[in-house]
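The values are calculated or read from the model by the stated rules, or taken from the named source; none is laboratory data. The structure presented is a predicted model; accordingly, all values stated were derived computationally and were not measured. Please note: Cβ atoms are built from the backbone with ideal geometry, for glycine as well, and neighbour counts cover all protein chains shown.
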């Protein structure tokens, strides 16, 4: 079995190794821990990841839009609001990216964010914000459905099984 120890491979049989610059096409290296996980995200998961990414980007933009309201009288409120929305949005974008890479641990924070969003949607129902409430609820439900779709679960669990081997 060939062993790579640098730019030159070594052909080994038993305990004897001979340097060789030729490595057959059937030989392969062990994947590193930092390499991409095998497999692709299924369509329901891609839709969920895309929606979470859009949510995250929108929250970052919303946080930054708060900055022009910065005055001495409102400094604490504006800065903490900006910091909250930017960090929350950036975290959602990070979770979306990791979920796209089929990291199973990201399902919990993504699902929690969607449950929070459903609560926000519920509080916006009625009056002039009903359309916004409906949009927030539809997106949250679509993300939860995409993350916990059977194809998505199989893909993430398969990636976890591959990484444990």
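Here are the numbers for this structure:
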item: Only one of 2, 7 that is over 30 Å from residue 137 (Cα atoms) and either modelled with pLDDT of 95 or more or surrounded by 16 or more Cβ atoms within 10 Å (Cβ to Cβ) (or both); result: 2
item: Selection status of residue 59, surrounded by 13 or more Cβ atoms within 10 Å (Cβ to Cβ), without any contact (Cβ under 8 Å) to a residue 40 or more places away in the chain and more than 25 Å from the chain's Cα centre (by Cα); result: no
item: Residues of the stretch 35-64 that turn out to be farther than 12 Å from residue 156 by Cα and either modelled with pLDDT under 95 or touching a strand residue (DSSP E or B) at 6+ places or on another chain (Cβ under 9 Å) (or both), as a count; result: 2
item: Which numbered condition residue 144 misses (of (1) loosely packed, with under 15 Cβ neighbours inside 10 Å; (2) touching a helix residue (DSSP H, G or I) at 6+ places or on another chain (Cβ under 8 Å); (3) under 21 Å from residue 46 (Cα atoms); (4) in contact (Cβ under 8 Å) with a residue 12 or more places away in the chain); result: (1)
